[in-house]
Amino acid sequence: MTAAGQAGLSGRHFGLFGRITESSLFNRLSGFLPAALFGVFLLAEVVGLINYLQLSESVTAIEIFVHVAASLSKIVFISLLSILFLIRKPPIKKAAGLGPRVAALVGTFMFVFVTALPAPEPTFAQSLVSLVLVCIGSGLSFYVLSHLGRSFSLMAEARELVTTGPYRFARHPLYVAEELAVLGILVQFFTLPFLCFFFLHILVQLRRIDNEERVLSRAFPEYAEYARTTDRLIPGMY
């Protein structure tokens with residue numbers, strides 16, 4: 001086959017692949033897999049909470065409250081994530097290449113594996129501070145997601161430009177909320193390797209922000225003005 005013929009065949013295959021990945025059915029199916037995965041996390045959290053309550057005879061009431069409150073906040077947050085994956089809108093633009101997808105997956109699931117590392121038993125003070133941070137982070141995440149709604153995405157994709165609610169003050173408030181929850185996990189299971197993973201996680205999240213802003217800039221001409229009048233993460237600081 002000639003080079004021109006190979007290029008034509010490749011182009012037809014790419015065109016077919018493009019039409020498939022841009023279809024509404026593909027969007028639904030691509031949302032089902034992460035929704036199912038987060039459903040597994042949700043089930044594990046619920047089972048873990050039930051097991052804790054069954055074996056908590058020797059634990060004080062305040063310690064039970066701390067554990068249950070943190071667990072319930074995570075259950076609510078994960079439940080909302082699972083639902084949004086199923087009802088989100090089709091993307092208008094997507095980041096090209098493998099790098100943005102790897103960054104999105106690493107940034108999302110890094111601490112699922114890190115929490116499996118050996119760690120010392122946290123003190124009550126650690127657990128209490130962790131509870132406060134996890135609850136604040138999860139609560140803020142829930143609030144941000146309620147405004148992001150069907151525009152939510154795990155990957156660097158543009159669905160709709162949201163500028164209401166917390167997005168009036170910062171372009172990426174969900175990352176701040178999530179990092180507060182991750183900081184709570186760090187406080188509870190503090191080790192030097194965990195601390196290193198925490199800073200690595202921040203770097204990965206910053207890369208994800210760069211990827212998302214490039215996609216949003218291509219998808220929405222008005223994004224440049226929105227970016228000029230808002231901060232990235234923390235109003236008045238960054």
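The values are calculated or read from the model by the stated rules, or taken from the named source; none is laboratory data. Just so it is clear, the model here is predicted, and its values are computed rather than measured. FYI the Cβ positions are ideal-geometry reconstructions off the backbone, even for glycines, and counts take in every protein chain you see.
A few remarks follow.
- Test for Leu195: is it surrounded by fewer than 17 Cβ atoms within 10 Å (Cβ to Cβ) and in a helix (DSSP H, G or I): yes
- Cβ-Cβ under 6 Å pairs, at least 6 apart or on other chains, region 212-234 side under 18 Å from Ala103 (Cβ atoms), far side among the basic types (Lys, Arg): Val215/Lys93; Arg218/Lys93; Arg232/Arg171
- Candidates Arg228, Arg207: the one that is assigned to a helix (DSSP H, G or I) and either buried (at least 16 other Cβ atoms within 10 Å of the Cβ) or touching a His at 6+ places or on another chain (Cβ under 8 Å) (or both) is Arg207.
- Residue within region 179-186 that is in contact with a helix residue (DSSP H, G or I) (Cβ under 6 Å, 6 or more places away or on another chain), over 23 Å from Ala125 (Cα atoms) and crowded, with 22+ Cβ neighbours inside 10 Å present: no
- Per-region count, region 119-167, residues in contact (Cβ under 8 Å) with a residue 60 or more places away in the chain, outside any helix (DSSP H, G or I) and farther than 17 Å from Phe85 by Cβ: 5
- Every residue from region 177-198 that is among the aliphatic types (A, V, I, L, M) and within 12 Å of Leu133 (Cβ to Cβ): Ala177, Leu180, Ala181, Val182, Leu183, Ile185, Leu186, Val187
- Looking across Leu84, Leu148, one residue alone is at pLDDT below 90 and either within 24 Å of Ala36 (Cα to Cα) or surrounded by fewer than 19 Cβ atoms within 10 Å (Cβ to Cβ) (or both). It is Leu84.
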